[in-house]
Amino acid sequence: MNGELGRVVSTVPPGAGAAVMGTAILSTGMAGVPVRWLSYVLVVIAAVLWLALAVLFLNRLLVHRARWVADADVPASLTGVAGTCVLATRLSMLGWLPVAAAMLALSAALWLVLLPLVLAHWQKPTVGANFLLCVSTQGLVVLAASIGAAEQLRWLAVVAGVLFVAGLVAYAGVLVTFDFRQVARGAGDHWVAGGALAISTLAATKLYLAAGLLGVPGGALRVAALVLWALAVGWYLVLAVAEAVWRRPRYDVRRWSTVFPLGMTATACINLGMAAHLPAIRTAGQVLIWPALAVWAAVAYGAANRLRSAALDVRGTP
């Protein structure tokens, strides 16, 4: 059984962290709608997924070093950073600040290790997964700004502000070499082109709430958040129309990178609407969270079937 389990686990790709990203951000968004019990269910699922992937990560690092190195130099590996940050942000909302702080240190260390490897093997033209360079950086911003504001740590808020700018530069750098044909052909990760702007919106919102710590005009950060929100919604509409025109119904692990932008756009709307006192934007987020949840359920079903098929294939292998 252990041998069979090991062979099934070996099929897990480096981008599997997107499952944690999508599940955790839906939990965060669901905290802003009346049916909050769903938020708690989702955060438990996200935590279980994160722990399972953490064990897998350590196993490959310590036992299968060649596989770890092969996985580490692709942009999809940054889902580990982003997933940790998004889950930790949700835990900070539940009052688990010491745990969130420990996860911030862990994700920052992982980001520093993976970033040089990913950049050293960077390929052009870029695809959706390349935008994880921005997403992972802004994930650190959201988490650092949340903890900084809660604990009144000015230095942490300042670090978050610097990383926010770096994340926007990273987004621009990926966008100028992006293969826009991915909008029609992508297998799911093309949605990260919009999701990166959505998490940038959430990052700007968190910094806006921490403007007093930063010592910068809150109005400028509010405007920045609104501009990023408008761009993210624009991408959302374009990608949604593209999905209707060029249908791609088959399951692919990269579909978790569709779930995340859907959930992140809704969550960014809810948080920005609350912070900027714009009820229409908040309501839009509360509406958008439901199709995101529906897509999450469909992708989770596909993932379960894929794992089941992998298990059956392994059992049939002599």
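Taking 0.36 nm per residue of sequence separation and subtracting the Cα-Cα distance, how much length would be gained by fully extending the chain between ALA66 and ALA230, in nm to one decimal?
Contour length minus the Cα-Cα distance gives 54.8 nm.
Along the charge dipole of the chain, pointing to its positive end and built from +1/-1 on Cβ of Lys, Arg, Asp and Glu, which listed residue (PRO249, ALA280, GLY80) has its Cα farthest out?
PRO249
What Rg and what Dmax come out for the chain when only alpha-carbon atoms are used, in angstroms?
18.7, 66
How large is the helix-only mean residue ellipticity at 222 nm for the chain, computed as the sum of -39500 (n - 2.57) over DSSP H runs with n ≥ 4, divided by its residue count, in deg cm²/dmol to the nearest 500?
Only helices count here, giving -26500 deg cm²/dmol.
Measuring from the lowest to the highest alpha carbon on each principal axis, how far does segment 163-246 reach, largest first, in angstroms?
The Cα atoms of segment 163-246 stretch 46, 22, 15 Å along the principal axes, largest first.
Could you work out what % of the accessible surface of the chain is carbon and sulfur, using a 1.4 angstrom probe and leaving DNA, RNA and ligands out of the count?
71
Would you mind checking segment 264-283 for residues with the amide N under 19 Å from a putative spin-label position 7 Å along Cα→C-beta of ALA298?
Under 19 Å, as judged by backbone N against the label point of ALA298, lie 264-267 of segment 264-283.
Explain nothing, just the number: dipole magnitude of the chain about its Cα centre with +1 on each Lys and Arg Cβ and -1 on each Asp and Glu Cβ, in debye rounded to the nearest 20.
For this selection, approximately 360 debye.
What net charge is computed for the residues neighbouring TRP290, neighbours being all others with C-beta under 15 Å from the C-beta of TRP290, Lys and Arg scored +1, Asp and Glu -1?
Within the 15 Å Cβ shell, the charges total +2.
Can you find, among ALA187, PRO116, VAL41, the residue sitting farthest towards the positive end of the charge dipole of the chain, where Lys and Arg contribute +1 and Asp and Glu -1 at Cβ?
ALA187
Of the listed peptides 234-247, 74-87, what is their order by residue-averaged count of other C-beta atoms within 10 Å, with the highest listed first?
74-87, 234-247
Looking at the P(r) of segment 11-95, how many percent of alpha-carbon pairs lie beyond 20 Å?
35
May I ask for the angle, rounded to the nearest 10°, between helix 279-316 and the longest principal axis of the chain, with both axes built from Cα atoms and the value confined to 0 to 90°?
10
The values are calculated or read from the model by the stated rules, or taken from the named source; none is laboratory data. None of these values were measured; they are calculated from a predicted model. Using ideal geometry, Cβ is built from the backbone for each residue, glycine included, and neighbour counts are taken over all protein chains shown. Side chains are part of the model used for accessible areas, which takes the heavy atoms of the whole protein and leaves out ligands, DNA and RNA. Shrake-Rupley method; radii C 1.70, N 1.55, O 1.52, S 1.80 Å.
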